[in-house]
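Take a look at the structure set out below.
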Amino acid sequence: MGYKIAVEKTKLSRLGEIDFNDLPFGKHFSDHMFIADYSDGEWKDCRIVPFGEFSIHPALSALHYGQSIFEGMKAEKDPEGNPIIFRPLKNLNRLNISTDRMAMPEIPEDLFMSAIDKLVSIDKNWIPDAPHSSLYIRPFMFATEGFVGIKPAEHFRFVIFTCPVGAYYSKPVKVFIHDKYVRAFPGGVGYAKCAGNYGAVMMPTREVQKMGYDQILWLDGIHHRYLQEIGTMNIFVIIDGVIITPALDQGTILDGVTRDSIVRLAESEGYVLQERDISIEEVINAYHEGKLQDMFGTGTAAVLSHIGEFHYKGENYELPPVELREISKKLKHRLTSIKSGKAEDVYGWLHTVAVAVYANS
Ligand SMILES: Cc1ncc(COP(=O)(O)O)c(C=O)c1O
């Protein structure tokens, strides 16, 4: 089914107000946003309008009962200046895994892709040129019905806005491994990108940030032993040349697009990579034996961020300097070269936005 997208362009672009050399993450919003509304079992009224506020019902069920999910991906410009987006269909797949878990309606591929193509075409001048900068694309969906009572809503809104962003972390991150709070359990919603997962970690995260750490590295919810993920990143550990990342089979961590890309790049480079349980004891033993070579997080916002130090049960453990972390530096370089269109896209990961088709429609 083809979705017709109506366009109302802004009368006053805010582009000139942005300092593209100073782009804090998530603070600036491009000129336009996409909106579609769902009722009577279908997505309707697809439109691109000037970025701005919504008015909402005080009993909006997303606010009271949490039917709210989101995604995140990035557009860059290839060396010829064409907007390219990294693996958008993998984000769509995950979005629809989240909709399924949260009893929300699916987003069809043609709606998703035509909305993104058209929005990014219209705001293509918001894609920054500087290295490590990009246009962050934030699709999200929430229940719009106003009612009091616990039942799945029947009315939803799907929105996409974009933000020009710079690097997320400028230096290696310090993580705190909590033995008290947990993020997810088997059978829960850890694998869904639902808003509640993020609300639930704010208090513990604020606590560790007050102590000087950047993020929490979560342990599993049952044994409090096995590494899970970090804030908005999946976790990788390198012990004695073997790259290890937690497996996805428990349904407690997010199936990161960056994680999957790093797994595939590592395998193609011939590294030994294991997707399996990894306990904090294994990491600490490797540290004491001098075999813990690297720990890093991966995510759309943070790309590949090295962990400089971790804290567990009163002890700080310092990791080797980034200069010595040859494997992860090589994988990061391969990933960022493909994402920016500078290296051959051997996996077919890049989607080139059809600007000519959309720009003037
Ligand atoms: C909890 C969590 N884990 C991992 C990730 C990394 O996923 P991706 O690489 O798709 O950005 C994210 C970011 O989306 C996240 O929020």
Report task. Evaluate the following for Thr245: is it touching a helix residue (DSSP H, G or I) at 6+ places or on another chain (Cβ under 8 Å), within 8 Å of the ligand (Cβ to nearest atom) and among the hydroxyl-bearing types (Ser, Thr, Tyr)? Result -> no
Report task. Determine whether the range 174-188 contains at least one residue that is within 28 Å of Cys46 (Cα to Cα) and either surrounded by 19 or more Cβ atoms within 10 Å (Cβ to Cβ) or within 13 Å of the ligand (Cβ to nearest atom) (or both). Result -> no
Query raised in the report: Only one residue in Ser68, Ser30, Ser39 is more than 19 Å from the chain's Cα centre (by Cα), modelled with pLDDT of 95 or more and of a type in the set (Ser, Thr, Tyr). Which one?
Result: Ser39
Report summary line: Every listed condition ((1) within 21 Å of the chain's Cα centre (by Cα); (2) buried (at least 22 other Cβ atoms within 10 Å of the Cβ)) holds for Met202 save (2)
Requested in this report: Determine which single condition Phe142 fails, assuming it passes every other condition in (1) assigned to a loop (DSSP other than H, G, I, E, B); (2) touching a helix residue (DSSP H, G or I) at 6+ places or on another chain (Cβ under 9 Å).
Outcome: (1)
Report summary line: Those residues of the range 70-128 which are in a loop (DSSP other than H, G, I, E, B), in contact with a His (Cβ under 9 Å, 6 or more places away or on another chain) and within 12 Å of the ligand (Cβ to nearest atom) amount to Arg87
**Report entry** Residue among Glu269, Glu309, Glu282, Glu289 that is away from the ligand (no atom under 16 Å from the Cβ), free of Cβ contacts under 8 Å to residues at least 24 places away in the same chain, assigned by TED's automatic domain parsing to the domain that holds Lys180 and surrounded by fewer than 21 Cβ atoms within 10 Å (Cβ to Cβ)
**Finding:** Glu289
Requested in this report: Please enumerate the residues belonging to the range 225-242 that are under 14 Å from Asp277 (Cα atoms) and more than 8 Å from the ligand (Cβ to nearest atom).
Outcome: Arg225, Tyr226, Leu227, Gln228, Ile235, Phe236, Val237, Ile238, Ile239, Val242
Report task. Answer yes or no: is there a residue in the range 152-165 that is in contact (Cβ under 8 Å) with a residue 12 or more places away in the chain and basic (Lys, Arg). Result -> yes
Query raised in the report: Gly251: within 16 Å of the ligand (Cβ to nearest atom), more than 21 Å from Thr205 (Cα to Cα) and modelled with pLDDT of 95 or more, yes or no?
Result: yes
Report task. Please verify whether the range 287-306 includes one or more residues that are farther than 23 Å from Asn82 by Cα, part of a helix (DSSP H, G or I) and modelled with pLDDT of 95 or more. Result -> yes
**Report entry** Options Val148, Val182; residue that is free of Cβ contacts under 8 Å to residues at least 60 places away in the same chain and over 19 Å from the mean Cα position of the chain (by Cα)
**Finding:** Val182
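The values are calculated or read from the model by the stated rules, or taken from the named source; none is laboratory data. These numbers come from a predicted model, not from an experiment. Reconstructed Cβ throughout: ideal geometry from the backbone, glycine too, with neighbour counts over all protein chains shown.
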